[in-house]
Amino acid sequence: MKIGKVTARYATALFELAREKGALDGVGANVEALPRELANGDLFDARVPHEDKRKRVEALAAKAHPLFANFLRLLLAKRRLEVLRDLPDAFRRCALADRGAVEGIVESPRPLGQGELAELAVSVKSVLGKEVILQQRANPELIAGVRVFVDNRLIDQSALGRLEGLERRLRTARV
């Protein structure tokens, strides 16, 4: 998932402040609960008056860790409530980066077993030098092999990718 620069900056600031204050667990729990709290989406609706949004934010802040409550109030004051949409993903990326890990997606023509997924994660770790947490996505067009999207890179070991690479080399070869 693509996360905007503004959201990434706010998430990084929140993560670093929470780590500095020793409040990562409390703030992390609030961030994880955010999608459930914002399910009706009225905070992002331009037709909703600012005063109604303020009341909703204060209700959320009353149940939250003090650091996260202040963060919510700051977003409201700066009129940046849209940051809350992607905050859980951005915060999770900060937590992974802090541990030296990254998330990735594996595309394969069939679902992979846990052993295969773990073996693939070890292989990708040797290439990137970071711990890799992989999620699966089935893509029957690949025919065979896998494609791994991780850390803004594509590692294509699929039959389709190899055939496309061969086609590119043949088209650009001197005859």
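The values are calculated or read from the model by the stated rules, or taken from the named source; none is laboratory data. Since this is a predicted model, take the numbers as computed values, not measurements. Please note: Cβ atoms are built from the backbone with ideal geometry, for glycine as well, and neighbour counts cover all protein chains shown.
Taking N139 as the residue in question, decide whether it is exposed (fewer than 12 other Cβ atoms within 10 Å of the Cβ) and among the polar types (S, T, N, Q).
So N139 does not fit the description; no.
Of the conditions (1) under 16 Å from A39 (Cα atoms); (2) surrounded by 14 or more Cβ atoms within 10 Å (Cβ to Cβ), A59 clears all except one; give me its number.
Among (1) under 16 Å from A39 (Cα atoms); (2) surrounded by 14 or more Cβ atoms within 10 Å (Cβ to Cβ), the lone unmet condition for A59 is (2).
Of everything in the stretch 1-15, what is in contact (Cβ under 8 Å) with a residue 12 or more places away in the chain, farther than 14 Å from V31 by Cβ and not in a helix (DSSP H, G or I)? Give them in sequence order.
Of everything in the stretch 1-15, those that are in contact (Cβ under 8 Å) with a residue 12 or more places away in the chain, farther than 14 Å from V31 by Cβ and not in a helix (DSSP H, G or I) turn out to be M1, G4.
Given the structure, is A118 over 22 Å from K2 (Cβ atoms), within 22 Å of the chain's Cα centre (by Cα) and without any contact (Cβ under 8 Å) to a residue 24 or more places away in the chain?
Answer is yes for this residue.
Take the conditions farther than 23 Å from K2 by Cβ and either in contact (Cβ under 8 Å) with a residue 24 or more places away in the chain or in a helix (DSSP H, G or I) (or both) and apply them to L160. Does it pass?
yes
When you look at H65, is it surrounded by 15 or more Cβ atoms within 10 Å (Cβ to Cβ) and either over 30 Å from L154 (Cα atoms) or modelled with pLDDT of 90 or more (or both), yes or no?
Judged against the criteria, H65 is a match.
Within the stretch 126-143, how many residues turn out to be outside any strand (DSSP E or B) and under 14 Å from I105 (Cα atoms)?
1
Hey, any hits in the stretch 95-114 for a residue that's among the hydroxyl-bearing types (S, T, Y), over 21 Å from R9 (Cβ atoms) and either surrounded by fewer than 17 Cβ atoms within 10 Å (Cβ to Cβ) or in contact with a Lys or Arg (Cβ under 6 Å, 6 or more places away or on another chain) (or both)?
Taking every residue of the stretch 95-114 in turn, none turns out to be among the hydroxyl-bearing types (S, T, Y), over 21 Å from R9 (Cβ atoms) and either surrounded by fewer than 17 Cβ atoms within 10 Å (Cβ to Cβ) or in contact with a Lys or Arg (Cβ under 6 Å, 6 or more places away or on another chain) (or both).
Return yes or no: is R80 in a helix (DSSP H, G or I) and either farther than 28 Å from V150 by Cβ or not assigned by TED's automatic domain parsing to the domain that holds F149 (or both)?
No, not satisfied.
How many of the residues making up the stretch 34-60 are touching a residue at least 12 places away in the same chain (Cβ under 8 Å) and not in a helix (DSSP H, G or I)?
1
Consider V146 against the criteria (1) in a helix (DSSP H, G or I); (2) among the hydrophobic types (A, V, I, L, M, F, W, C); (3) closer than 11 Å to I105 by Cβ: it satisfies all of them except one. Which criterion is unmet?
If we test V146 against (1) in a helix (DSSP H, G or I); (2) among the hydrophobic types (A, V, I, L, M, F, W, C); (3) closer than 11 Å to I105 by Cβ, just (1) comes out false.
Consider A8 carefully, then state whether it is modelled with pLDDT of 90 or more and over 23 Å from the mean Cα position of the chain (by Cα).
Judged against the criteria, A8 is not a match.
For the stretch 89-111, check the following and say yes or no: at least one residue is free of Cβ contacts under 8 Å to residues at least 24 places away in the same chain, part of a helix (DSSP H, G or I) and within 14 Å of L43 (Cα to Cα).
Among the residues of the stretch 89-111, not one is free of Cβ contacts under 8 Å to residues at least 24 places away in the same chain, part of a helix (DSSP H, G or I) and within 14 Å of L43 (Cα to Cα), which makes the answer no.
Mind checking whether some residue in the stretch 16-33 is more than 20 Å from R93 (Cα to Cα) and not in a helix (DSSP H, G or I)?
no
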